[in-house]
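The values are calculated or read from the model by the stated rules, or taken from the named source; none is laboratory data. Just so it is clear, the structure is predicted and the values come from calculations on it, not from any experiment. Counting neighbours? That spans all protein chains shown, and the Cβs are built from the backbone with ideal geometry, glycine included. Note: accessible area is taken over every heavy atom of the protein model, side chains too, but ligands, DNA and RNA are not part of it. Shrake-Rupley method; radii C 1.70, N 1.55, O 1.52, S 1.80 Å.
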Amino acid sequence: LIIYAMVFLALLKYPLFFFSSQYIVLTLAGAAGLILSIGMAVDTNVLVFERVKEEMKRGKSFKTAVEIGFEKAWPSIRDSNISTIITCALLFLIGTSLVRGFAITLGLGVVISMFTGMIVSKWIARKIADTNLANKPALFPKAGASQESVG
């Protein structure tokens, strides 16, 4: 999510999609689109890592669980993000200036969240799987385990 925020803010600072000398101005509607796209980025990560946790509960290694988890989470992430992008395109085509600002920031945020959620997170998880951290089961609590206090 930190990488998502850095990429999004970097794109806001560059001239409008490198085609114009104008910059994107973040209005209140644009901020709402940004907040909603952050929620979708969180949803992407939750879906993926819950799938990874399910695979680890079944006894798979962290490396295998990462691959299967990303593969199983992709269809639902793809469908929700594509439907959001289609909605953003329609809002941009028929909306007023404020609605267009919302549509642009939401659409841009969704595209960035798909990139960071599926490419960057997968890359980071694969790098962790290649280290000794992946061999320490205490770092990966079992799914559904009780959270009783030790006392």
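General observations
- Residue satisfying condition, being of a type in the set (Gly, Ala, Ser), free of Cβ contacts under 8 Å to residues at least 40 places away in the same chain and either out of contact with any helix residue (DSSP H, G or I) (no Cβ under 9 Å at 6 or more places or on another chain) or closer than 25 Å to MET6 by Cα (or both), within set SER80, SER37, SER21, SER121: SER21
- Residues in the range 73-104 that are in contact with a Phe, Trp or Tyr (Cβ under 6 Å, 6 or more places away or on another chain) and either of a type in the set (S, T, N, Q) or at pLDDT 90 or above (or both): 1 in all.
- Qualifying residue in the range 19-27 (condition: closer than 20 Å to PHE115 by Cα and either at pLDDT below 90 or out of contact with any Cys (no Cβ under 6 Å at 6 or more places or on another chain) (or both)): no
- Scanning the range 47-72 for residues that are over 17 Å from ILE128 (Cα atoms), modelled with pLDDT under 90 and basic (Lys, Arg) yields a count of 2.
- The residues in the range 17-51 that are open to solvent by 60 Å² or more (accessible area, probe 1.4 Å) and not in a helix (DSSP H, G or I) can be counted, and the count is 6.
- Output for the range 55-75, where each listed residue is assigned to a helix (DSSP H, G or I) and either touching a helix residue (DSSP H, G or I) at 6+ places or on another chain (Cβ under 6 Å) or of a type in the set (Lys, Arg) (or both): GLU55, MET56, LYS57, PHE62, LYS63, ALA65, VAL66, ILE68, GLY69, PHE70, LYS72, ALA73
- Hits in the range 52-66 - residues which are open to solvent by 70 Å² or more (accessible area, probe 1.4 Å) and among the acidic types (Asp, Glu): GLU54
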